[in-house]
1. Kindly provide the Kirkwood hydrodynamic radius of chain A in Å, to one decimal, from all pairs of distinct alpha carbon atoms.
2. Quick one: what do you get for segment B:45-90 if you divide its Cα Rg by 2.2 N^0.38 Å?
3. In what sequence, highest mean first, do A:63-69, B:94-100 appear when ranked by Cβ atoms within 10 angstrom?
4. Could you tell me the largest-minus-smallest coordinate of the C-alpha atoms of segment B:34-111 on each of the three principal axes, in descending order and whole angstroms?
5. Within 10 Å of each Cβ of A:109-115, how many other protein chain Cβ atoms are there on average?
6. Where the only charges are on Cβ atoms (+1 Lys, Arg; -1 Asp, Glu), what is the dipole of the protein assembly as shown about its Cα centre, to the nearest 20 debye?
7. Please tell me the relative contact order of segment B:4-46 in percent, rounded to the nearest whole number, where contacts are Cα pairs under 8 Å and at least six residues apart.
8. Whole-Å semi-axes of the protein assembly as shown's equivalent ellipsoid, largest first, each the root of 5 times a Cα gyration tensor eigenvalue?
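What follows is calculated from the coordinates using simple rules that are stated; it is not laboratory data. Keep in mind it's a predicted model, so treat the numbers as computed, not measured. Neighbour counts are summed over all protein chains in view; Cβ atoms, including those assigned to glycine, are modelled from backbone coordinates with ideal geometry.
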Amino acid sequence: DTGVSQDPRHKITKRGQNVTFRCDPISEHNRLYWYRQTLGQGPEFLTYFQNEAQLEKSRLLSDRFSAERPKGSFSTLEIQRTEQGDSAMYLCASSLLLPPQQRRSYEQYFGPGTRLTVT
Amino acid sequence: GENVEQHPSTLSVQEGDSAVIKCTYSDSASNYFPWYKQELGKRPQLIIDIRSNVGEKKDQRIAVTLNKTAKHFSLHITETQPEDSAVYFCAHQSGTYKYIFGTGTRLKVLA
């Protein structure tokens, strides 16, 4: 499968525990995005990377959330001291940003998501 | 602001009829407008997109129109089929290259 993959697909944790999710983007994609989606809502932007640099983080994102992309390939999203309000689907997406002199490609492809339930 | 408003939130149409979903954005720097289809329990799938230098794009039964002056764009599905039933999200790429999504439209195609 050459698409975006995420692990685990489901995570149940007790309030107060830390959790970490992994995303493997499409191999040649240099941009990677994290979103959170709750039932009946659209994906909510959390943060994104270009290669290993984290370029933007949502102002709404608590400091309990941290993301890394150390080698510019896979990324991890960690939530510390989880709360029941963190229960959601966490989606990863990737895209390829080409240099300005090449035809721009903006298509973003999503992974299957990690469903987090905090009890 | 970066938000995007999407209407309607739910839409029911008879099989074979057309469906139209509209979105309005406010970021003048937005230059890319994708539409995603999400079936229950699955990931959002890109179905069509349009860039700001184009006013309309069509792919078989699906079309998207963009009015950059008025800052709104629409998804048109013709000859709807039951398998078109899903939640549809509009999005735009902001000036800072992040994607902002609408709140979704639940489309139900009645056989």
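1. 14.5 Å
2. Numbers: Rg = 11.3 Å, N = 46, 2.2 N^0.38 = 9.4 Å.
Output field value: 1.20.
3. B:94-100, A:63-69
4. Between the extreme Cα coordinates on each principal axis of segment B:34-111 lie 39, 25, 18 Å.
5. Average per residue, whole number: 3.
6. Numbers: 29 positive and 25 negative charges, 81 e Å.
For this selection, approximately 380 debye.
7. 31 percent.
8. Values: eigenvalues 172, 93, 50 Å².
After diagonalising the Cα gyration tensor, the semi-axes are 29, 22, 16 Å.
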